[in-house]
1. How do LEU224, LEU178 rank when sorted from fewest to most other Cβ atoms within 10 Å of their own Cβ?
2. Mind sorting ASP245, ASP24 by how few other Cβ atoms lie within 10 Å of their own Cβ, fewest first?
3. Could you give the length gained by full extension between SER290 and SER124, i.e. 0.36 nm per residue of separation minus their alpha carbon distance, to one decimal place?
4. Residue by residue, what Karplus-based ³J(HN,Hα) values in Hz, rounded to whole numbers, does the stretch 293-307 have, using 6.51, -1.76 and 1.60 with θ = phi - 60° and x for Gly and Pro?
5. Which ordering of TRP302, TRP170 is given by a fewest-first count of other beta-carbon atoms within 10 Å?
6. Do any trypsin sites (Lys or Arg not before Pro) in the stretch 164-244 lie in a loop, going by DSSP, with at most 10 other beta-carbon atoms within 10 Å of their beta carbon, and if so which?
7. Which residue, chosen from GLN70, LEU36, ALA171, occupies the Cα position most advanced towards the positive end of the dipole of the stretch 14-206, where the dipole is computed from +1 (Lys, Arg) and -1 (Asp, Glu) charges on Cβ about the Cα centre?
8. Using r as the Cβ-Cβ distance of GLU279 and ALA165, and R0 as 41 Å, what FRET efficiency do you calculate, to the nearest 0.05?
Amino acid sequence: MSATGRPLDIGIDLDRHTLLRSSDRDEILAAVSGVLRPHGFRAPDRSGASCLLQHVSVGEVSATRLRYGQRAVIDSEPLRVCYLVSLPLAGSATYRHGGQTVTADPRTATVLSPHEPFRIDMGSGYDQLIVRIDRRVMERARDARVGAPDEEPLRFKLAIGTGSAQWSVWAPAVQALLGSDEFLTRVQRSPRMGVHLEWLLASALLEAQPSTAADAAGDAASPLFVRRAEEYIHARFAEPITVSDIADHARISTRSLYAGFKEHRGVSPMALVRRLRLERVRHELLTTTSGTATVTEIAFRWGFGHLGEFSAAYRQRFGETPSATLSRTVRDGMG
């Protein structure tokens, strides 16, 4: 759907990304849970249950087309690890989440936050595109927007109208993910491009949809240049950026940048860059499925140029060497 409520111009061939076409209830539950999260699934007519599941992912974000042929009900515990934005393509469903009830259809999308359980009662033929954003990505974008780490849960209003001004902010970000197979392949092969896309989707959702972050941003005490620098760092930390690059973007001297970060963040700008890089290396070392992946390759990919300094920083932060993390991941995968 576009800003005026018309369908999104999905340029990729979703049929190439089909994970499941099935009428087996257990198979449906296993497949959908693996892509999104475990949930309770009920189809009133067990023999009539059917599902089409198509899925693409880039880093910590993904898009999933999910269509149930018959009426179905999903009862789920809190998502905990992610936000789900459901963009109805056809049919309708009733969402109950966080004390709110919304009828979703091609005119009304929904945003599920990780903190409360939810129930979805889907009519026959309900067809939806679900954008999943990792909770950590959303919270980092929220913290940069607000200007300080925020321990309060980030919650969004449930409904978003697809003909609204808010939708005109969110839809182009989704379009960037689904615009073409060529771009999707390119961004999947480039972790740095993936980070940019994650940041785009998270920032666009924060900009488009009312949330608790909007209230906190109004009370932000941090200077604009600090928030501007943080946004730049979160978007480009995998690149070979320098403190001068950050200061130029924030339109401030390097001396003032250091002083502002020390006063309002308690760390230097480059310490924040290093922390974000370490978190990404850690995540990749813990989740890699490649038997040929090396610590050196992964460290370079996320912007570390000096392996000795990287290894020392990694051990200090996570209590083990990066090679120990990778060895455990490979060993567990073989088991």
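Every number in this text was worked out from the coordinates using simple rules, so none of it is lab data. Small disclaimer: the values here were computed from a predicted structure and weren't measured. Note that each Cβ is placed from the backbone with ideal geometry, even for glycine, and that neighbours are counted across all protein chains shown.
1. By the 10 Å Cβ count, ascending: LEU224, LEU178.
2. Listing ASP245, ASP24 from fewest to most nearby Cβ atoms yields ASP24, ASP245.
3. Stretched out fully, the SER290 to SER124 stretch lengthens by 55.7 nm.
4. Calculated HN-Hα couplings, in order: 5, 10, 4, 4, 4, 5, 5, 5, 4, 9, x, 8, x, 10, 5 Hz.
5. The most exposed by this proxy come first: TRP302, TRP170.
6. ARG189
7. Comparing the listed Cα positions along the dipole, ALA171 ranks first.
8. 0.75
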